[in-house]
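The values are calculated or read from the model by the stated rules, or taken from the named source; none is laboratory data. What you see is a predicted model; the values in this text were computed from it and never measured. Cβ: placed from backbone, ideal geometry, glycine included. Neighbour counts: every protein chain shown.
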Amino acid sequence: MSTSATRAPGAYRIALNRLRESLGASGRELACLGSILVLAAVLRLVSLPVRGGWDSDQGTEMLALRSALASGHLPTFGPEAISVASSFHHGALYYDLLLPAAWLGGGDPTWVVGEIALLSLIVVPIVWWIARSIAGPAAGLTAALLAAASASLIGYATFIWNPTLVEPGAAVAFLGAWQALRAHRPAWWLVSAVGATVAVQAHIAAAVIVLPLALAFGLDLWRGPASRRVRICAWGLAGVGLFMASYAPVIVSELGHDFPEARGMLAYFRDPNSTGSIDPGLRLLFATIRILAWPLTRWPMVDRQTASPVAFATAAAIIIALVWRLGVAGKRSAGPADAGSGGLVALDAVSAPAVSAPALEGFGVRLIIAWLLLIILALGIGLHAVSEVQVQELPTEQYHVVADPLVFVAVGLIVAGLWRPLSRSMGTVVRRMVAVVAIAALLAWNVGHWPPLTAPDGGWPAAQAAATRLERDAGSSPMALVPLFESKGDDAYLYPLVRDGFTPVTPENASTVVLLCDSYWLEGCGGTAEARWVAANATGRGLVLVESFTAAPYRILTVYRRAP
């Protein structure tokens, strides 16, 4: 046997031992974590080409990536944010991160989805790390398992959409902040800034993450000795500088164009549709249910009406259990001399270089609860889409997915509290049975609500097939693609046409005119809607129907050829 072959296992063991020592985890625990990661990868990567839905948003994103690659210039703005009053954009870093996959895949969207799926896997070990460092292996493995099997996270990992990068970015941000506090290493604030930058650039509502991070940074300054505060400030300023640098192109554009983005955002928050008119208490109640239930139940995207009691019960159980967990953590972190002093004494105990496990756990539990509370308060009061009573049929969960990693950690902390042995064996058995039943119920629910292995609209392959059919109908003649619902556009089919080399023209210059009608938004698709367009447009004269077919659910393509 060669020398290099004999060295490989030894090097692997040394690396594994170092990893175990640095994380404080046993080999068995790391094996369990590895198995959970494999499960998470399988659930996200199997049948990936047909997993994700394909509609106008996905076509728009791929057109933007294609344009950036063709021009050689990084985008200044990200996707347009929907606003009733005015227009503004999410960050362009979302595009920058996906450009390598778009380039390697030659514009094949499956490569981009693959990168999103791989980035989503980051959430699993991060929630394990945070939860484990607070309350031990039971907390970490529970958080990781729930994140791996989460129907909502799996759904977000398998299609192209800018909010899909919020969860991995937020997970990195929370990990950096927690490690800076726990390990007394200010350099982690730069890691936190990287994660926050990704999350906020992916979706502007994720800017709420600044509040919990600011709280954590203030705690780090307050707890640290004067000699360390200078380093904390230095690394904090470096993080702020990195965050601001990611917006440098936008800032330059704003200065030269009378601040259209800033004015658009202000108009959004002045618009009455951006906030709710119901009682603030009710708004916070509904926001709490949505934020806590979404990553564990995928509600309200699935079983919108019938699963409402499940979502309410899940959120209520988490709230009650966290209150219980807070009391348990307070008792554990308080010693005989400070048992009546409350959380402040325990918090002070964490500032010492050597921290007892109960004190660290108490601090961590309080911090996770405070972070969740801040996000719920800010989003519940500030964004109507998070706290609306009548849940829309359109997706609105993207406004609060920034909290998803914290929800998994919180459930892990609850399970760890239940798993801890008591002085009476019967009590230990009962509590552990409760924990097992709760985990099993959550896993069973998520398994029953995993996204299908083939998207209902057929995904990218179906869109490509529809575009090929249109190309065959048009032959070599100029073709126009007209969306009857203009707000949605036609990018779902424009992208595969452009990628195949077609250059659509205006209807008046086209020999073949294709009308795209979305029956979700319009009535009369496949008949009267198309006939009205032909009658109302002078360019519609002389058009002869070639064929009409359903390219995907709700989407009908009708092909006309201009008579000689």
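For the structure I just gave you, tell me whether residue 114 is surrounded by 24 or more Cβ atoms within 10 Å (Cβ to Cβ) and not aromatic (Phe, Trp, Tyr).
No.
Select from region 109-132 the residues that are more than 16 Å from the chain's Cα centre (by Cα) and either closer than 15 Å to residue 161 by Cα or small (Gly, Ala, Ser) (or both) and list them in ascending order.
109, 110, 111, 131
Looking at region 465-492, which of its residues are out of contact with any Pro (no Cβ under 7 Å at 6 or more places or on another chain), under 26 Å from residue 51 (Cβ atoms) and part of a helix (DSSP H, G or I)?
465, 466, 468, 469, 470, 471, 491, 492
How many residues does region 156-196 contain that are charged (D, E, K, R) and within 14 Å of the chain's Cα centre (by Cα)? Walk me through how you get there before you give the answer.
As a first pass, look at region 156-196 and keep what is charged (D, E, K, R): 167, 182, 185.
Then drop every residue that is not within 14 Å of the chain's Cα centre (by Cα), which leaves 167.
Qualifying residue count for the region: 1.
One line per residue, one yes/no per condition, for (1) of a type outside the set (S, T, N, Q); (2) in contact with a Leu (Cβ under 7 Å, 6 or more places away or on another chain); (3) closer than 19 Å to residue 206 by Cα:
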{"residue": "400", "(1), (2), (3)": "yes, yes, yes"}
{"residue": "405", "(1), (2), (3)": "yes, no, yes"}
{"residue": "414", "(1), (2), (3)": "yes, yes, no"}
{"residue": "420", "(1), (2), (3)": "yes, no, no"}
{"residue": "428", "(1), (2), (3)": "no, yes, no"}
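Could you pull out the residue among 191, 208 that is part of a helix (DSSP H, G or I), hydrophobic (A, V, I, L, M, F, W, C) and touching a residue at least 24 places away in the same chain (Cβ under 8 Å)?
On inspection, the qualifying residue turns out to be 208.
With respect to residue 386, is the statement that it is among the β-branched types (Val, Ile, Thr), modelled with pLDDT under 95 and surrounded by 22 or more Cβ atoms within 10 Å (Cβ to Cβ) true?
Considered against the rule, which asks whether it is among the β-branched types (Val, Ile, Thr), modelled with pLDDT under 95 and surrounded by 22 or more Cβ atoms within 10 Å (Cβ to Cβ), residue 386 comes out as yes.
Scan region 217-237 and report the pairs whose first residue is touching a residue at least 60 places away in the same chain (Cβ under 8 Å) and whose second residue is surrounded by fewer than 19 Cβ atoms within 10 Å (Cβ to Cβ), with Cβ atoms within less than 7 Å and a gap of 6+ or a chain change.
223/351
Scanning region 224-240 for residues that are modelled with pLDDT under 90 and not small (Gly, Ala, Ser), which turns out farthest from the chain's Cα centre (by Cα)?
The residue in question is 225.
Any residue at all in region 493-515 that's more than 34 Å from the chain's Cα centre (by Cα), closer than 30 Å to residue 149 by Cα and assigned to a helix (DSSP H, G or I)?
No: region 493-515 contains no residue that is more than 34 Å from the chain's Cα centre (by Cα), closer than 30 Å to residue 149 by Cα and assigned to a helix (DSSP H, G or I).
Let's see how each residue does on (1) more than 19 Å from the chain's Cα centre (by Cα); (2) in a loop (DSSP other than H, G, I, E, B); (3) of a type in the set (Phe, Trp, Tyr); (4) at pLDDT below 95:
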| position | (1), (2), (3), (4) |
| --- | --- |
| 63 | yes, no, no, no |
| 74 | yes, yes, no, yes |
| 78 | no, yes, no, yes |
| 86 | yes, yes, no, yes |
| 91 | no, yes, no, yes |
| 95 | no, no, yes, no |
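Taking the condition surrounded by 13 or more Cβ atoms within 10 Å (Cβ to Cβ), in contact with a helix residue (DSSP H, G or I) (Cβ under 7 Å, 6 or more places away or on another chain), in a loop (DSSP other than H, G, I, E, B) and in contact (Cβ under 8 Å) with a residue 12 or more places away in the chain, does residue 522 pass?
yes
Considering 127, 112, which residue is within 23 Å of residue 33 (Cβ to Cβ) and β-branched (Val, Ile, Thr)?
Answer to the selection: 127.
Name the residue that is farthest from residue 523 (Cα to Cα), counting only residues in region 536-564 that are in contact with a Gly (Cβ under 7 Å, 6 or more places away or on another chain) and without any contact (Cβ under 8 Å) to a residue 40 or more places away in the chain.
563
Residue 186 fails exactly one of the following numbered conditions: (1) more than 27 Å from residue 80 (Cα to Cα); (2) part of a helix (DSSP H, G or I); (3) not aliphatic (A, V, I, L, M). What is the number of that condition?
So the condition that residue 186 fails would be (2).
Quick grid of which residues meet (1) outside the structural domain of residue 287 (by TED's automatic domain parsing); (2) crowded, with 18+ Cβ neighbours inside 10 Å; (3) not in a helix (DSSP H, G or I):
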| residue | (1), (2), (3) |
| --- | --- |
| 371 | no, yes, no |
| 374 | no, yes, no |
| 406 | no, yes, no |
| 413 | no, yes, no |
| 421 | no, no, yes |
| 432 | no, no, no |
| 453 | yes, no, yes |
| 463 | yes, yes, no |
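Could you check residue 41 against (1) assigned to a helix (DSSP H, G or I); (2) in contact with a helix residue (DSSP H, G or I) (Cβ under 7 Å, 6 or more places away or on another chain); (3) surrounded by fewer than 20 Cβ atoms within 10 Å (Cβ to Cβ); (4) in contact (Cβ under 8 Å) with a residue 24 or more places away in the chain and say which number it fails?
(2)
Yes or no: residue 138 assigned to a helix (DSSP H, G or I), more than 15 Å from the chain's Cα centre (by Cα) and modelled with pLDDT of 95 or more?
On the way: assigned to a helix (DSSP H, G or I): yes; more than 15 Å from the chain's Cα centre (by Cα): yes; modelled with pLDDT of 95 or more: yes.
In short, yes.
For region 480-501, what are the residues that are of a type in the set (Lys, Arg) and under 20 Å from residue 529 (Cβ atoms)?
If the condition is that a residue be of a type in the set (Lys, Arg) and under 20 Å from residue 529 (Cβ atoms), then 488 is the only one that fits.
Out of region 506-564, which residues are over 24 Å from residue 459 (Cα atoms) and of a type in the set (Ser, Thr, Tyr)?
506, 511, 512, 528, 539, 560
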